[in-house]
Each structure stands twice: as structure tokens, then as C-alpha cells.
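Below you'll find the structure, written out as C-alpha cells, and then a few comments.
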Amino acid sequence: MKYYELDDEEKQLLEEIEKGEWVSVKNLAKARAEAEEAARNTLKKTKNINIRLTEMDLHRLKVKAAEEGIPYQTLASSILHKYTSKG
């Protein structure tokens, strides 16, 4: 059996778990599925595109993104993904 040395961050996490500072999520299957999807999306290769928008549309996109607390490019990508993924 291999022995692994924990780094400082891992030691801190282990201590927190042992102290009971961590709690289980209510719906583990759903949380796991969401984490797996996020991981898959993170690993997907992306392509850059150029798109022409009116100044007003770009401004509104930036305002909506600020309200959501995300970069406007991320919001635009998310909107396109949702639209193209609909069956």
C-alpha cells in the first residue's frame, strides 16, 4: 500500500472534516451530477468567435452580466449554449 503525504491544504481540510465542520448535501446524486457536468464543460475545448453587436445590445449584455456577477463573455456563451442545446 502506498503512503501519501498530505500537503497543508489537505491537512486543513481533513481537520475540518474530523471536527464536523463539513455537512453532507441534501441531494448527493444531483450535486454529483452538477459537479461532473461542470468538470466536463471545463475540460471542453473552446473556440473564439467574433460577433458584431450594437452598442446598446453590448451595454445591456454587460449590465445583465454584472447583475449575475459573471463576465459578459461567459453570459453570452451561456445564452448561446442554452439556445443551441434546446431539443
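Any chance segment 50-59 includes a residue that's surrounded by fewer than 10 Cβ atoms within 10 Å (Cβ to Cβ), among the basic types (Lys, Arg) and under 14 Å from the mean Cα position of the chain (by Cα)?
So far as segment 50-59 goes, no, none of its residues is surrounded by fewer than 10 Cβ atoms within 10 Å (Cβ to Cβ), among the basic types (Lys, Arg) and under 14 Å from the mean Cα position of the chain (by Cα).
What tally of residues in segment 29-38 results from selecting those that are more than 16 Å from Thr74 (Cα to Cα), surrounded by 10 or more Cβ atoms within 10 Å (Cβ to Cβ) and not charged (D, E, K, R)?
Of the residues in segment 29-38, 3 are more than 16 Å from Thr74 (Cα to Cα), surrounded by 10 or more Cβ atoms within 10 Å (Cβ to Cβ) and not charged (D, E, K, R).
Computed from the coordinates by the stated procedures, all read-outs in this text should not be read as laboratory data. These numbers were taken from a predicted model, which means no experiment stands behind them. Using ideal geometry, Cβ is built from the backbone for each residue, glycine included, and neighbour counts are taken over all protein chains shown.
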